[in-house]
1. Tell me, in nm to one decimal, what length is gained between S64 and V258 on full extension, where the rule is 0.36 nm per residue of separation less the Cα-Cα distance?
2. How would the stretch 241-321 be classified by its alpha-carbon gyration tensor: rounded, prolate or oblate, with rounded meaning a/c under 1.5 and the a/b versus b/c comparison settling the rest?
3. Just to confirm the filter: which trypsin sites (Lys or Arg not before Pro) across the stretch 118-197 are DSSP coil and have at most 12 other Cβ within 10 angstrom of their Cβ?
4. Using a probe radius of 1.4 Å on heavy atoms only, what accessible surface per residue do you get for the chain? Whole Å² is fine.
5. Return the whole-Å distance between the Cα centroid of the stretch 179-204 and the Cα centroid of the stretch 210-234.
6. Please sort 65-75, 193-203 by packing, taking for each peptide the average over its residues of neighbouring beta carbons within 10 angstrom, highest first.
7. With just the Cα atoms of the chain, tell me how far they stretch along each of the three principal axes, in Å, largest first.
8. So which trypsin sites (Lys or Arg not before Pro) in the stretch 302-363 pass both tests, a DSSP loop state and at most 11 other Cβ atoms within 10 Å of the Cβ?
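The values are calculated or read from the model by the stated rules, or taken from the named source; none is laboratory data. Fair warning: this is a prediction, and the values are worked out from it, not measured in the lab. Virtual Cβ from ideal backbone geometry, glycine too; neighbours counted across all protein chains shown. Note: areas computed on protein heavy atoms with side chains; ligands, DNA, RNA excluded. Shrake-Rupley method; radii C 1.70, N 1.55, O 1.52, S 1.80 Å.
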Amino acid sequence: QQQHKLQRRIVTPPHGLKPLPRLKVVYFHDPELAVFDHPRGHCFRPFRARLAHALICSYGYYPSFMEPLHPRLVTRTDLGQFHSDAYLEILATAQRTVNKRFAWSASTAKFEDNAVDAKIEEVFKRFNVVLDPKKSTFAVFPGVLDYCRMYATGSLGCAARLCNRDANLAINWYGGMSHARSSSAQHGCFVNDTVLAILELLQRFQRVLYINLSGVHSDAVEQAFYTSPRVLCVSFHVKPGLDEPEFPGTGDVADTGVDEGDGFTVNVPLEPGVDDISFVPMFRSIVNKAKSVYAPDAVVLQCGGALLAGERDGQFNLTCRGYGDCVRLVRDFSLPLLLLGGVGSNMANMGRLWAYLTTVTLG
């Protein structure tokens, strides 16, 4: 009897949660992703999504109201839809090199020839790939390409399910590595699953609305679709050009696209100190206008945590409730929706945020 009560307490959703009618949600989680080691202070550590998953399970939302997603592991050919072959080969070489270095003992973890070492470092530098963790917080780590394939698998798998119309909402909190360029790493992002997922959606949908709710400008996503009218990029981020400019320092309001993509990029630079009261009405006004004018067929919403109060070196004061109001608005568009993670260095706050946003999407 006690075991039955415990099972009932775990499975029964709190607060009388009821899934929205006709809402089918697929959810990607791979516990092996959290095993990959990132340097302390890294703002894309996968353990954040592991914390969120633990909360989601403890509340009884998974797998009661969400279908577990187990897509096939993507290949380098799949990653090559956006990334260059030369860059992917560099990542593969970097993985082999770093794996070998970490396998050696401390006494032998040096190249025999310093000149060869310097040449190898120089080649990697052209692709903004750093091997030595002492030189950069965003250096590569053992298994880096395998890690990228795994989180990209989640985002591409979610996008494929939306394209097949057998789900109308898909979640991958491990995804959202939106700064990687086609031929270079950037800010700890090595494979841009956001761009890959949008490209997958464009195979089925004519127009995709991409909303960046991370607080950090998604420069690589904007660059990838800067000349295309098929993707409307709306980004809410820290205002560039401040006395202490935050990465990447792009996203000016005057940047609206070029050629056929002119007018299909909307940048919303934010002043420091923005909170729920000032941000949510602005978000509602801009996003509603974008939806009514652009009439998208699908939406990609990236939910990084740089806007959260309590973020390391943060400048904003949004709460989980403010984020939830924004996500609820987009969910109510009743369009195929892909939710991705993103930047956020405070692991506890990010775990709480993503768990809360999961409950919001469910009802």
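1. Details: separation 194, 0.36 × 194 = 69.84 nm, distance 4.57 nm.
Computed gain between S64 and V258 is 65.3 nm.
2. The shape class here is oblate.
3. K134, K135, R165
4. 45
5. Spelled out, the Cα-based centre of one part sits 11 Å from the other.
6. Working: 65-75: 15.9, 193-203: 23.6.
Most protected by this proxy first, the peptides run 193-203, 65-75.
7. Principal axes ranked by extent give 65, 63, 40 Å for the Cα atoms.
8. Numbers: sites: R312, R321, R328, R331, R352; in loops: R312.
Sparse-neighbourhood loop trypsin sites (Lys or Arg not before Pro): R312.
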